[in-house]
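Before any comments, here is the structure.
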Amino acid sequence: MGKIVVFANQKGGVGKTTTAVNLGAYLAEASKRVLLIDFDPQANSSSSLGIDGRGRGIYELLIGSIQPRDVVQETKVPGLFIIASSIHLTGATVELINMPGREYLLKKAIEELRGDFDYLFIDCPPSLGLLTVNGLVAADAVIIPLQCEYFAMEGLSKLLKTIQRVQQKLNPGLKIGGILFTMFDSRTRLANEVVKEVSSYFKENVFTTIIPRNVRLSEAPSFARPINQYDPECIGARSYRRLAQEVLEHV
Ligand SMILES: Nc1ncnc2c1ncn2[C@@H]1O[C@H](COP(=O)(O)OP(=O)(O)OP(=O)(O)O)[C@@H](O)[C@H]1O
Ligand SMILES: [Mg+2]
């Protein structure tokens, strides 16, 4: 049975998608079968890998117009598969809000795919709305990418409260897979302080690997490649490779 990991943080642009795509690529490189589920109407995971989710994506799976195995697409990375997203998912929040068991829709939709993969990754949109709650309900573990800046801390407590509510009411099996520092710039004092403070509070719930700010990571999506294919020797690539090792050992 594959492990379901959700990448969540209601703050936008903190590295959820970059982490889901590149960590997924490195786990695939380590001979794992990985399914990346793009659960964001912005469809950044899909476009990062050059995949179009119109007509054949997570929205169609949620409303039941397509079967789970027919919605999975191959990517250019052997072992890495994707359920793509599209702008159609925007309407889902409104359409699904009155459905019975609305928090369990994603969990049910991907249930029969679980046996086909070692890891199923869910890339969430930047909100704590119904989509992210569905992601948290479906998952075994949540990874929280955290940009090393002051406002990151404010959002974190709200996110942790949501996670706690989900654990209490909807998914008691949900674990914190870890907080991941992203876009770290060692030259700034604030970044160092955030890492120190968050690490001393969350202790073993923080990944040892820290993802540095690295322009190659931000370029790779426009070439529709994960970093292991775009520039495998850059510092961003090396840090995601190390993170994959950590995830294999601990998550
Ligand atoms: N370590 C990094 N170094 C440099 N740029 C990065 C790094 N990680 C992510 N980026 C860039 O920062 C931007 C935001 O990253 P990303 O899309 O992964 O965040 P996100 O949390 O998924 O955003 P959203 O909340 O909108 O879904 C992107 O342009 C991405 O390429
Ligand atoms: Mg994203």
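The values are calculated or read from the model by the stated rules, or taken from the named source; none is laboratory data. Please read all numbers here as calculations on a predicted model, not as lab measurements. Backbone-built Cβ (ideal geometry, glycine too); neighbour counts: all protein chains shown. Just so you know, the surface numbers come from the protein's heavy atoms only, side chains and all, with ligands and any DNA or RNA stripped out. Shrake-Rupley method; radii C 1.70, N 1.55, O 1.52, S 1.80 Å.
LEU159: within 16 Å of ligand 2 (Cβ to nearest atom), closer than 23 Å to TYR240 by Cβ and part of a helix (DSSP H, G or I), yes or no? It is true that LEU159 is within 16 Å of ligand 2 (Cβ to nearest atom), closer than 23 Å to TYR240 by Cβ and part of a helix (DSSP H, G or I).
Just one residue in the set VAL198, VAL215 is of a type in the set (A, V, I, L, M) and open to solvent by less than 20 Å² (accessible area, probe 1.4 Å); that residue is VAL198. Only one of the numbered conditions (1) under 18 Å from the mean Cα position of the chain (by Cα); (2) open to solvent by 10 Å² or more (accessible area, probe 1.4 Å); (3) away from ligand 2 (no atom under 16 Å from the Cβ) is violated by LEU120, and that is (2).
Matching residues to (1) away from ligand 2 (no atom under 16 Å from the Cβ); (2) of a type outside the set (S, T, N, Q); (3) in a strand (DSSP E or B); (4) open to solvent by 10 Å² or more (accessible area, probe 1.4 Å):
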position	(1), (2), (3), (4)
VAL137	yes, yes, no, no
PHE151	yes, yes, no, yes
VAL166	yes, yes, no, no
ASN171	yes, no, no, yes
ILE176	yes, yes, yes, yes
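Yes/no per residue for (1) within 23 Å of PRO145 (Cβ to Cβ); (2) at pLDDT 95 or above; (3) among the aliphatic types (A, V, I, L, M); (4) more than 16 Å from ligand 1 (Cβ to nearest atom):
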| residue | (1), (2), (3), (4) |
| --- | --- |
| ALA28 | yes, yes, yes, yes |
| LYS32 | yes, yes, no, yes |
| GLY64 | no, no, no, yes |
| PHE81 | yes, yes, no, yes |
| SER85 | yes, yes, no, no |
| LEU96 | no, no, yes, yes |
| PRO100 | no, no, no, yes |
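Whenever a residue of the range 116-129 is touching a residue at least 60 places away in the same chain (Cβ under 8 Å), its partners that are open to solvent by 30 Å² or more (accessible area, probe 1.4 Å) and within 11 Å of ligand 2 (Cβ to nearest atom), lying with C-beta atoms within less than 6 angstrom and at least six residues away or across chains, give the pairs PRO126/GLY12.
Remark: pairs (first residue in the range 9-32, among the charged types (D, E, K, R); second residue modelled with pLDDT under 95; Cβ separation under 7 Å; 6+ apart in sequence or on different chains) = LYS11/ALA152; LYS11/GLY155.
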